[in-house]
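Presented below is the structure to which this report refers.
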Amino acid sequence: MRVLVSTDDRLGPLMAGSALRAWELASALAGAGHEVRLAAAPGSSAPRPAQVELVDRPDLRWAEALVAPPWSLRLPAFAGRHLLVVDGATPLLAELEAMPPSPAVRRRRRTAAARLPFVARRAHAVLAAGDVQRGWWRAVLGRRGDPPILDVPFGIQDHDPPEASAEVIGVPPDWPVVLWWGGVWPWLDLETLLAARARLGRMPLSIVVPTATRPGGALSQFTANDLNRMAARYALSAPAVVPLEHWAPYDERHLTLNRTAVMAFLHHAGPEADLSFRTRAMDALWTCTPMLLSAGGEVARLAGERGWGEVVAPGDPIAVSDALARLLEPEEQERRRGAIRADRESWRWSRIARPLVDALPGLAAVPRRGLAGAAIGAAAALVGAATPARRT
């Protein structure tokens, strides 16, 4: 089958989560025998040689199936004869709800919500990550029970990481690293991690926070100066808190990850947390690094059940500091790493993408509806009417 995978993110040696997901899904589909093209943002390049053809723009006339997030799809993507697989694993509407209100955020939320009526009428399948997301998408689809909602979360590479590691500039060689991996967004809770670090006093321990510009972005959303000001509120400075001022290339990120004792993924309680699948935690799974997570969301549920790390109540610095102290004990390190190692194989991208690979041949039998009703729903969303995004 000719499959077009589309993303509005930029691919290359430096990539962020949505580009990584598009690349890995495209690679898995190509590995399963499909002819795959990947349309990405201007300036993209293939991260490595693969059976995936990188193209400048989506050619819907070529595609027999389109796999893409709904939030950036234009109207032609909902028309035509191709199969439409909506990648709904990023809860964008909940993320936008958690952002400080501004005209730009409100406009982005309305335009994203306007896609949902078209998804409800046109999608042949939806990709989701975990039970809560599947329930959310089932509410969006409403009485249309035909499209399957496939559990296709984020995965890890099919090969194990190399064993090499590298020093983190500013961290003493004998200090453990607690890595805050990824960006600092309004729904995440770096403040509680820093408050917990302050409680640990003179313990030799570095909190490392990336502050580099996101690939494809013009400006860093959270700079080293921002981090230093936040740390100063808790009387912290280097080397207790250290900025990571470069974005690690996809094929070199293991150098930082292998230097890490604990990876921290903390968030505020709310709809975003409930719907979340913390993609950044998959790098901890890949490198068998113990995790520290706030309760809420699919990854925290899995980590608690499977023993991948410690799960604490959101916004509790005492619980976080106690959990960090436990996770840094050598016996606990080995226990958590062993639990992750026992589960790691089932999270390879080739396995994670299997529900999509298996479903594609039968999706032509899924009926679709006309778009006239969708246009009315989209118009209502554009003028700010309530959407299913408010229900969790």
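The values are calculated or read from the model by the stated rules, or taken from the named source; none is laboratory data. All figures in this text were calculated on a predicted structure; none of them were measured in a lab. Neighbour counts are summed over all protein chains in view; Cβ atoms, including those assigned to glycine, are modelled from backbone coordinates with ideal geometry.
Structure data summary
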| read-out | value |
| --- | --- |
| Count of the stretch 317-370 residues which are in contact (Cβ under 8 Å) with a residue 40 or more places away in the chain, within 25 Å of GLY130 (Cα to Cα) and among the polar types (S, T, N, Q) | 1 |
| In the stretch 161-190, the residues that are among the acidic types (Asp, Glu) and free of Cβ contacts under 8 Å to residues at least 40 places away in the same chain | ASP174 |
| Strands (runs of 3 or more DSSP E) enclosed by the stretch 60-156 - at least 1 residues per element that are farther than 16 Å from ALA374 by Cβ and in contact with a Gly (Cβ under 6 Å, 6 or more places away or on another chain) | 125-128 |
| Residues of the stretch 191-214 that turn out to be out of contact with any Ser or Thr (no Cβ under 7 Å at 6 or more places or on another chain) and surrounded by fewer than 20 Cβ atoms within 10 Å (Cβ to Cβ), as a count | 7 |
| Boolean, ARG326 is touching a Phe, Trp or Tyr at 6+ places or on another chain (Cβ under 7 Å) and assigned by TED's automatic domain parsing to the domain that holds PRO204 | no |
| Tally, over the stretch 3-61, of residues that are acidic (Asp, Glu) and under 22 Å from the mean Cα position of the chain (by Cα) | 3 |
| Qualifying position, being closer than 22 Å to ILE207 by Cα and among the β-branched types (Val, Ile, Thr), among VAL366, VAL357, VAL311 | VAL311 |
| Of the criteria (1) more than 25 Å from ALA196 (Cα to Cα); (2) among the small types (Gly, Ala, Ser); (3) over 19 Å from the mean Cα position of the chain (by Cα), which one ALA323 fails | (1) |
| Some residue of the stretch 268-276 being touching a residue at least 12 places away in the same chain (Cβ under 8 Å) and of a type in the set (S, T, N, Q) | yes |
| Residues located in the stretch 9-40, provided they are part of a loop (DSSP other than H, G, I, E, B) and crowded, with 17+ Cβ neighbours inside 10 Å | ASP9, ARG10, LEU11, GLY12, LEU14, MET15, ALA16, ALA32, HIS34, ALA40 |
| Residues of the stretch 121-148 satisfying the condition of being within 16 Å of LEU75 (Cβ to Cβ) and under 23 Å from the mean Cα position of the chain (by Cα) | ALA123 |
| Unmet requirement for TRP137, which otherwise passes all of (1) at pLDDT 95 or above; (2) on the phi > 0 side of the Ramachandran plot | (2) |
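For (1) surrounded by 16 or more Cβ atoms within 10 Å (Cβ to Cβ); (2) closer than 19 Å to ILE149 by Cβ, each residue gets a yes or a no:
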| site | (1), (2) |
| --- | --- |
| GLY297 | yes, yes |
| VAL311 | yes, no |
| ASP316 | yes, no |
| GLN333 | yes, no |
| ALA353 | yes, yes |
| ALA364 | no, yes |
| ARG369 | no, yes |
| ALA379 | no, no |
